[in-house]
Amino acid sequence: MRSATIPPVEAQLGCSIRGVGAMEIRVVRAGTADFAVRVMGRGATPGEVVRSLVGLARLQAPPPEEVRVHRRIVPKRRAVQIALADGTGVPARIVNLSASGVALQLDTPLDIGQAILVGRQRATVARRIDGGVGAAFLVPLDEAAVDEHTVL
């Protein structure tokens, strides 16, 4: 929860939320601008309150739908060499490839935002995936030329 005044941890409070109802809560964590609570009781059961709160939260901030702009392919040649800014070479395996980026399996941890060279393509690490990273090319490839024979 967010509040202009942050209550101390262990404070027991009454809370009323439109559409959910009244409840007793206990502060379990206090930050600089927000705090977390545990629903203790009164009125609806804690489980019902939590389900209502989660439902309201989903209405306010629905999960983003992942939008793929370019089609993904799996190239025949999946082994690729990654070059780091300091010139260090790192072997990787292409999971999939599109005109805008590439998903890579590799053993070396990379930081989000880190500049890399994937084969001959300059890229930036955009996200972590299971066992590797997703990288966005600085200059997208020609989508018409991206197919299973593409070699980075």
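The values are calculated or read from the model by the stated rules, or taken from the named source; none is laboratory data. Source: prediction; values computed, not measured. Reconstructed Cβ throughout: ideal geometry from the backbone, glycine too, with neighbour counts over all protein chains shown.
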TODO: Quickly run through segment 1-30 and pick out the residues that are within 25 Å of Leu59 (Cα to Cα) and among the small types (Gly, Ala, Ser).
DONE: Ser3, Ala4, Gly14, Ser16, Gly19, Gly21, Ala22
Task: Set Val9, Val80, Val27, Val49: member being touching a strand residue (DSSP E or B) at 6+ places or on another chain (Cβ under 8 Å), surrounded by 14 or more Cβ atoms within 10 Å (Cβ to Cβ), more than 30 Å from Ala145 (Cα to Cα) and modelled with pLDDT of 75 or more - done: Val27
Task: Residue selected from segment 31-46 under the condition buried (at least 16 other Cβ atoms within 10 Å of the Cβ) and under 12 Å from Pro8 (Cα atoms), by the criterion modelled with the lowest pLDDT - done: Val37
Task: Selection within segment 83-98 - in a loop (DSSP other than H, G, I, E, B) and either of a type in the set (D, E, K, R) or surrounded by 19 or more Cβ atoms within 10 Å (Cβ to Cβ) (or both) - done: Asp86, Ser98
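Out of the residues in segment 127-152 that are part of a strand (DSSP E or B) and surrounded by 16 or more Cβ atoms within 10 Å (Cβ to Cβ), which is farthest from the chain's Cα centre (by Cα)? Working first, answer last.
Looking only at segment 127-152, we keep the residues that are part of a strand (DSSP E or B), and these are 127-129, 132-137.
Retained after the next criterion (residues that are surrounded by 16 or more Cβ atoms within 10 Å (Cβ to Cβ)): 132-135, 137.
Numbers: Gly132: 14, Val133: 12, Gly134: 12, Ala135: 14, Phe137: 19 Å.
Per the stated criteria, the residue is Phe137.
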